[in-house]
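Notes follow the structure.
Bear in mind these aren't lab numbers, they're just calculated from the coordinates by the rules spelled out. None of these values were measured; they are calculated from a predicted model. Cβ placement follows ideal geometry from the backbone for every residue including glycine, while neighbour counts extend to all protein chains displayed.
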Amino acid sequence: MYRTNTCGELRTTHCGQEVTLAGWVQRVRDLGAMSFIDLRDRYGITQLVADEKTAEEVKKQVAQLGREFVIQAKGMVRERTSKNKNIPTGEIEVELTGLKVLNASLVPPFTIQDDTDGGDDLRMKYRYLDLRRPAVQQNLFLRARMAQVARNYLSGQGFTEVETPVMIKSTPEGARDFVVPSRMNPGEFYALPQSPQMFKQLLMVAGFDKYFQIVKCFRDEDLRADRQPEFTQIDCEMSFVEQEDVLNTFEGLTRHMLKEIHQMDTEPFPRMPYSDAMDFYGSDKPDIRFGMQLHDLTGQVKGKGFPVFDTAEYIGGICAEGCGEYTRKQLDELTAWVKRPQIGAGGLVNIKINPDGSVKSSIEKYFTAEELKPLTVSFGAKGGDLILILSGDKVKTQVALGLLRLEMANRLGLRPKNSFKPLWVVDFPLLEWNEEANRWSAMHHPFTSPKPEDIPMLDTDPGNVRANAYDLVINGVEIGGGSVRIFESGLQARMFKVLGFTPEQAEFQFGFLMNAFKYGAPPHAGIAFGFDRLVSLFAGLDSIRDVIAFPKNNSGRDVMNDSPSPISAEQLDELNLVVNIRQKK
Ligand code: ASP
């Protein structure tokens, strides 16, 4: 037996017991007459001591220990004279009677503790050491618990977990596919699924009624902090349901998770149409932990002689409470911030409301104080507040204001990580114009049903057709989305036409689905939650990488095993890829 107890287990009630522990040497403090060793395992840290009473051969072993050595230690539990209130085992220590080095260790490239000295790159290269850090382990324990809670909940609601294939047909709609060459079918490729979308719909045709899967998905996209080329979804589909049934079921799941993990009760989630989200928050994923809503000022300020406003399609603003004291320098800095390419505003107009209610503005040349006052009223602004105004193209300006709103909220500390404010964004547009391809694209995916009352507009005014599509948003993070599906092959064919597919292309890519729909497809709808995002949100982290055991970096590389990597000429040859690659060079 390697151990009788773990390093997180012993308390004063164990005093006088002989125990054997095993773990990693966190650190050794040699005080001459006495040596202290912090022994760490997954469960905690226990202090081991060697003193004048300790046998010489044990002391000799202690002397050769280094950081991260794996040892087995035998000894007697005793109460500490100076207790450490910061750790659960801080009242006891183990007086060593035996010590065996199970494995030595090289000096690790960074310290294995919560506040490590390892930079990001080093930590990723030695991810297995990074994963020894308790804080990182906690994230993965949380992840495992959340997966368990989700599984139990959905199983309890009658959902069946079904595995769908990982090697599928390439259907490049949405992101780019990762492809896998087929050795046995020269010149042909599988794709890795961007989601199990079509399979879960086929499971509905097959009568499974309620499906879920906690499943890896793959998208060959440009990466950001909240994106990984492979990521995990809680993927679901239900038959004989309407939008409302899906929202209720997954609101139930989310509330259950908040309760189980954070012991939090949540109010029913508000539902916000996409158009309101854009008008009032400048975002399709509004953070509603705070107000600071956008106000449309176009009607009030356009045509008053200020050229910047007069030529703008839209003029809007936000009111940052208590920021009226901002100095010239701070305002200049904020102006530079909105002019960055990521925000893309041309400039920033400000109105300060002085404590006595008078106003001071950067557009005084064009607007008198009397003209500006009514503006401050529409924001409900009071003395000491600051109104910030952007103008230009409508959607672009709303989005820029939305980002400015988040920035101001960050500065004002209005986005606490321990508060969770979920909402449903509903009534998304069905289509969005794809400039590059010069055609309409599905905003969600091509299987999303238009609102029945909007179907007649499909041919006349496609941009204004709304979808039965919905997103769950928590704290400004899109946690998941889904839709009611098209289940009649006729409407699906019409949708493919709007999306610019010829009947032949539609048949080649989606023929099997359309065919299946001819055999009695039930009405169905579904949703998928981004599991990595959900876990990182619950953990109060900013990056999903911290909740993934072996993540990839911003270039999609695993720096630990150095992939992707070239493959041998023989492999290429076998896969019939040699010719293609040579030709490209
Ligand atoms: N397949 C969709 C996605 O991955 C989710 C859904 O519509 O159920 O975003």
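About its Cα centre, what dipole magnitude does the stretch 130-282 give when the only charges are +1 on Lys and Arg Cβ and -1 on Asp and Glu Cβ, stated in debye to the nearest 20? Let's see the in-between values first.
Numbers: 17 positive and 23 negative charges, 154 e Å.
Magnitude of the dipole: close to 740 debye.
Can you give the FRET efficiency for D115 and E432, using 1/(1 + (r/R0)^6), R0 = 25 Å, r = Cβ-Cβ distance, to the nearest 0.05?
0.05
Bin all alpha-carbon pair distances of the stretch 337-418 at 5 Å intervals from 0 and give each bin's fraction as a whole percent.
3, 13, 21, 21, 21, 14, 5, 1, 0
Tell me, what is a quarter of the convex hull surface for the C-alpha atoms of the stretch 53-178, in nm² with one decimal?
Its average projected convex-hull area is 14.6 nm².
Rounded to the nearest 0.05, what FRET efficiency do A569 and K169 have when you use their Cβ-Cβ distance and R0 = 30 Å?
For R0 = 30 Å, the calculated efficiency reads 0.60.
So between E370 and W337, what do we pick up on full extension, going 0.36 nm a residue minus the alpha carbon distance?
8.9 nm is the gain from fully extending E370 to W337.
If neighbour count is taken as other Cβ atoms inside 10 Å, put Y326, Y2 in order from fewest to most. Walk me through the numbers before you get to the answer.
Working: Y326 18, Y2 10.
The order, fewest Cβ neighbours first, is Y2, Y326.
What shape does the stretch 284-394 have by the C-alpha gyration tensor, where a ≥ b ≥ c are the square roots of the eigenvalues, rounded means a/c under 1.5, and otherwise prolate means a/b greater than b/c and oblate the rest?
On the way: a/c = 1.27, a/b = 1.05, b/c = 1.21.
Because its axes are fairly even, with a/c under 1.5, the stretch 284-394 counts as rounded.
Is there a quick way to get the dipole size of the chain? I mean about its Cα centre, with the Cβ of Lys and Arg at +1 and of Asp and Glu at -1; what is the value in debye to the nearest 20?
1280
Can you give me the C-alpha center-to-center distance between the stretch 1-79 and the stretch 468-501, rounded to a whole angstrom?
The distance from the Cα centre of the stretch 1-79 to that of the stretch 468-501 comes to 59 Å.
Would you calculate the separation in nanometres between label points at R271 and Q138, each defined as 7 Å from the Cα along the Cα-to-beta-carbon direction?
Between R271 and Q138, the label points sit 3.8 nm apart.
What span do the alpha-carbon atoms of the stretch 385-472 cover on each of the three principal axes, reported in whole Å from largest to smallest?
47, 32, 24
Charges on Cβ only, +1 for Lys and Arg, -1 for Asp and Glu, centred on the Cα centroid of the chain; of N418, G511, Q157, which one is farthest towards the dipole's positive end?
N418
Please report, in cubic angstrom per residue, the volume enclosed by the convex hull of the alpha-carbon atoms of the chain.
For the chain, the hull spanned by Cα atoms encloses 237 Å³ per residue.
Please compute the alpha carbon radius of gyration of the stretch 235-329, then divide it by the globular-protein estimate 2.2 N^0.38 Å. Two decimals is fine.
For the stretch 235-329, the normalised Cα radius of gyration comes out at 1.63.
How would you order 571-577, 34-40, 343-349 from highest to lowest mean count of nearby Cβ atoms within 10 Å?
Working: 571-577: 14.9, 34-40: 19.6, 343-349: 17.7.
Top to bottom by mean Cβ count within 10 Å: 34-40, 343-349, 571-577.
Full extension from Y2 to S358: what is 0.36 nm times the residue separation minus their Cα-Cα distance, to one decimal in nm?
Computed gain between Y2 and S358 is 120.6 nm.
Taking 0.36 nm per residue of separation and subtracting the Cα-Cα distance, what length does fully extending K329 through M76 add?
84.6 nm
Label points 7 Å out from Cα along the Cβ direction at I261 and M457: separation in nm?
It is 3.7 nm.
Could you work out how far apart the two model spin labels at L122 and A55 are, taking each label as a point 7 Å from the Cα in the direction of the beta carbon, and quote it in nm?
Modelled inter-label distance: 3.9 nm.
Amide H of Q17 versus every other amide H placed in the peptide plane: which residues, excluding those fewer than 5 positions away on the same chain, fall under 5 Å?
Answer set, sorted by chain and number: V77.
Sort 411-423, 266-278 for me by packing, meaning the mean count of neighbouring Cβ atoms within 10 Å per residue, highest on top. Can you show the working numbers first?
On the way: 411-423: 14.2, 266-278: 15.9.
Per-residue Cβ counts within 10 Å, averaged per peptide and sorted highest first, yield 266-278, 411-423.
For the chain, what does -39500 (n - 2.57) per DSSP helix run (n ≥ 4), summed and divided by total residues, give at 222 nm, in deg cm²/dmol to the nearest 500?
-9000 deg cm²/dmol
What lysines sit close enough to K394 to cross-link, taking a C-alpha to C-alpha distance under 18 Å and skipping anything fewer than 8 places away on the same chain?
Those lysines meeting the cut-off are K285, K302, K339.
So if I take the centroid of the Cα atoms in the stretch 175-196 and the same for the stretch 215-288, what is the distance between those two points in Å?
29
Within the stretch 212-243, whose backbone N sits under 15 Å from a point 7 Å along Cα→Cβ of R151?
Output list for this probe position: 212-216, 233-235.
If you plug each phi of the stretch 96-105 into the Karplus form 6.51 cos²θ - 1.76 cosθ + 1.60 with θ = phi - 60°, what whole-Hz ³J(HN,Hα) values come out, in order, with x for Gly and Pro?
Along the stretch 96-105, the couplings run 5, 10, x, 8, 10, 7, 7, 6, 7, 9 Hz.
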